[in-house]
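A.B. asks: One structure follows; several queries about it will come next.
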Amino acid sequence: MDHAISQLLVPPNQKIRLADIDPDDTHGVKKEDSKEILKQNLKRLSVLQYLLYAEARRALLVVLQGIDAAGKDGTIRHVMTGLNPQGVRVTPFKVPEGEEKRHDYLWRVHNAVPEYGQIGIFNRSHYEDVLVVRVHNLVPESVWSERYRQINEFERILEENGVTIVKFFLYISKDEQAKRFRARLDDKQKNWKFSPDDVKERSYWDAYIKAFEDMLRECSTRRAPWYVIPANHKWFRNLAVSQILVETLETMKISLPKPAADVSKIRFE
Ligand code: AMP
Ligand code: MG
């Protein structure tokens, strides 16, 4: 698995062609082995979260992007389970409204950055402002094209102030999306998840792919890297995301804070 992880990382300034990546890829991992590895990863995540919470000096920000039905919600459900709810904050980003619309596009994002000690999960993010906004010409190119640089600068400021950032692009094929839409239509339990807009958005598939490719090339930095997760197989997606989260937290080298007093001297009745 470790070997696979480095292959999922987008190196800075690298031109990515998504057509060269197989969304079915499982990097040699077998499904029957994945259950146990996932279980171990979730256990380790919980320990690392405890350290982060106790240290309370740094935060982890996890960004999830992907086309409709790519599995953003499912990833949160399966990978973040086992974390202490007190130390996690999930923020979904929808079409901006109200106060959000009356501010610059990063305002609502900065506001949702996790506090020190916490893990923040963005279900969509500021990247929508170079994705949906670009695909539908919601602002002119002269505006969205500057945002790659602005986003890198914004993320750099966060990173320099104790926020470790890791970004996942969940990559599914167009066929897989059709399959998942169909399931949403066929299964009464899933009907609510289907939005007529999803079908409309699907017709912009190629434009989205191009926007995703530019996002990956422009905004995968050493400090805030993008990973492309082949996500047709949900079990592999969960495994890969959990593994990268564990490794990211491990590299932060978090340790428990020193006790506030010499605990050996404390007596009470
Ligand atoms: P969902 O994630 O399915 O709840 O859908 C949220 C919708 O909000 C998606 O269609 C996003 O593309 C859209 N959205 C999120 N952020 C923005 C943004 N900054 N501008 C326009 N649409 C957005
Ligand atoms: Mg949706």
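The values are calculated or read from the model by the stated rules, or taken from the named source; none is laboratory data. Computed from a predicted structure; not experimentally measured. Note that each Cβ is placed from the backbone with ideal geometry, even for glycine, and that neighbours are counted across all protein chains shown. Heads up: the accessible areas ignore ligands, DNA and RNA and are worked out on the full protein's heavy atoms, side chains in. Shrake-Rupley method; radii C 1.70, N 1.55, O 1.52, S 1.80 Å.
A.B. asks: Where does each of Asp175, Asp22 land when they are ordered by accessible area, with a 1.4 Å probe and the largest first? If you can, show how the numbers build up before the last one.
C.D. replies: Details: Asp175 120, Asp22 80 Å².
Result, largest first: Asp175, Asp22.
A.B. asks: Charges at C-beta only: +1 for Lys and Arg, -1 for Asp and Glu. How large is the resulting dipole of the chain about its Cα centre, in Debye rounded to 20?
C.D. replies: Working: 43 positive and 39 negative charges, 121 e Å.
So the dipole magnitude of the chain works out to roughly 580 debye.
A.B. asks: Defining a contact as two alpha carbons under 8 Å apart and six or more residues distant in sequence, what relative contact order in percent does the chain show? Before the final figure, lay out the partial values.
C.D. replies: Values: 379 pairs, mean separation 97.9, N = 269.
RCO, the chain: 36 percent.
A.B. asks: Moving on. Computed over the Cα atoms, what is the radius of gyration of the stretch 75-152 divided by 2.2 N^0.38 Å, N being its residue count?
C.D. replies: 1.25
A.B. asks: How are the C-alpha pair distances of the stretch 72-113 spread across 5 Å bins, as whole percents from the shortest bin up?
C.D. replies: Spelled out per bin, shortest first, that is 5, 18, 25, 17, 15, 15, 6, 1.
A.B. asks: Give me the 1.4 Å probe accessible area per residue for the chain, excluding ligands and nucleic acids, in Å².
C.D. replies: Working: 14720 Å² over 269 residues.
On a per-residue basis, 55 Å².
A.B. asks: Further question: Rounding to the nearest 20 debye, state how big the charge dipole of the stretch 87-126 is about its Cα centre with +1 on each Lys and Arg Cβ and -1 on each Asp and Glu Cβ.
C.D. replies: Value, rounded to 20: 120 debye.
A.B. asks: Another question, then. Apply the Karplus parameterisation 6.51 cos²θ - 1.76 cosθ + 1.60, with θ equal to phi minus 60°, to every residue of the stretch 96-113 and state each ³J(HN,Hα) to the nearest whole Hz, in sequence, with x for glycine and proline.
C.D. replies: x, 9, x, 4, 4, 5, 8, 10, 5, 5, 8, 4, 5, 6, 4, 5, 9, 4
A.B. asks: To the nearest 20 debye, what charge dipole does the stretch 81-225 have about its Cα centre, counting +1 at the Cβ of each Lys and Arg and -1 at the Cβ of each Asp and Glu?
C.D. replies: Working: 25 positive and 24 negative charges, 106 e Å.
With Lys and Arg at +1 and Asp and Glu at -1, about 500 debye.
A.B. asks: Counting DSSP beta bridges with both partners in the chain, what percentage is antiparallel, nearest 5? Walk me through the numbers on the way to the answer.
C.D. replies: Details: 1 of 24 bridges.
Of all bridge pairs located within the chain, approximately 5 percent are antiparallel.
A.B. asks: Something else: Just to confirm my numbers, what's the Cα centroid distance between the stretch 73-129 and the stretch 210-269 in Å?
C.D. replies: The stretch 73-129 and the stretch 210-269 have Cα centres spaced 15 Å from each other.
A.B. asks: Separate question: Considering amide H positions built from the backbone, and no H for Pro or chain starts, which residues 5 or more places from Thr91, or on another chain, come under 5 Å of its amide H?
C.D. replies: Answer set, sorted by chain and number: Ile121, Phe122, Asn123.
A.B. asks: Still on this structure, please answer the following. What is the gain in length, in nm to one decimal, between Asp186 and Tyr50 on full extension, counting 0.36 nm per residue of separation less the C-alpha to C-alpha distance?
C.D. replies: 44.9 nm
A.B. asks: Quick check: net charge around Glu160, other residues with Cβ under 14 Å of its Cβ, Lys/Arg +1 and Asp/Glu -1?
C.D. replies: Working: positive: Arg57, Arg58, Arg156, Arg222, Arg223; negative: Glu153, Glu155, Glu159.
Charge balance in the 14 Å sphere: +2.
A.B. asks: Could you go through the stretch 114-127 in sequence order and give the Karplus-derived ³J(HN,Hα) for each residue, using 6.51 cos²θ - 1.76 cosθ + 1.60 with θ = phi - 60°, rounded to whole Hz, and x for Gly and Pro?
C.D. replies: x, 6, 4, x, 10, 9, x, 10, 9, 8, 6, 5, 4, 5
A.B. asks: Which distance in nm do the two modelled labels at Glu213 and Ser255 give, with both placed 7 Å along the Cα-to-Cβ direction?
C.D. replies: Using points 7 Å along Cα→Cβ, the separation is 4.7 nm.
A.B. asks: Report the net charge of residues surrounding Ile21, where surrounding means a beta-carbon distance below 13 angstrom and charges are Lys +1, Arg +1, Asp -1, Glu -1. Write out the running numbers ahead of the final one.
C.D. replies: On the way: positive: Lys15, Arg17; negative: Asp20, Asp22, Asp24, Asp25, Glu213.
Taking every Cβ under 13 Å from that of Ile21, the sum is -3.
A.B. asks: Write down Rg/Rh for the stretch 8-97, rounded to two decimals, with Rg from the C-alpha atoms and Rh from the Kirkwood relation over Cα pairs. List each step's numbers first, then the result.
C.D. replies: Details: Rg = 16.2 Å, Rh = 16.2 Å.
Result for the stretch 8-97 is an Rg/Rh of 1.00.
A.B. asks: Using a 1.4 angstrom probe on heavy atoms only, work out the carbon and sulfur share of the accessible area of the chain in %. Show your work: numbers first, answer last.
C.D. replies: Working: 7480 of 14720 Å².
For the chain, the apolar C and S fraction of the accessible surface comes to 51 percent.
A.B. asks: Given H placed on each backbone N at 1.01 Å, which residues far from Gln118 in sequence or on other chains put an amide H within less than 5 Å of it?
C.D. replies: For Gln118, the qualifying residues are Leu60.
A.B. asks: For the stretch 1-152, just the Cα atoms, rotate onto the principal axes and tell me the three extents in Å, largest first.
C.D. replies: 48, 41, 27
A.B. asks: Using amide H atoms built in the peptide plane, which far-off residues or other-chain residues are under 5 Å from Lys167 H to H?
C.D. replies: So Lys167 has HN proximity to Val63, Tyr227.
A.B. asks: Can you give me the solvent accessible area of Val109 with a 1.4 Å probe, rounded to the nearest 10 Å²?
C.D. replies: Near enough 0 Å² of accessible area.
A.B. asks: How big, on average over all directions, is the shadow cast by the Cα convex hull of the chain, in nm²?
C.D. replies: Values: hull surface 72.1 nm².
Computed as one quarter of the Cα hull surface, the answer is 18.0 nm².
A.B. asks: For the stretch 161-259, what are the per-bin percents of Cα-Cα distances with bins 10 Å wide, up to the bin holding the maximum?
C.D. replies: 12, 32, 31, 17, 6, 1
A.B. asks: Something else about it: With a 1.4 Å probe and all protein chains in place, put Arg149, Arg217, Arg108 in order of accessible area, largest first. Spell out each step's value before the answer.
C.D. replies: Details: Arg149 115, Arg217 65, Arg108 30 Å².
My answer, sorted largest first, is Arg149, Arg217, Arg108.
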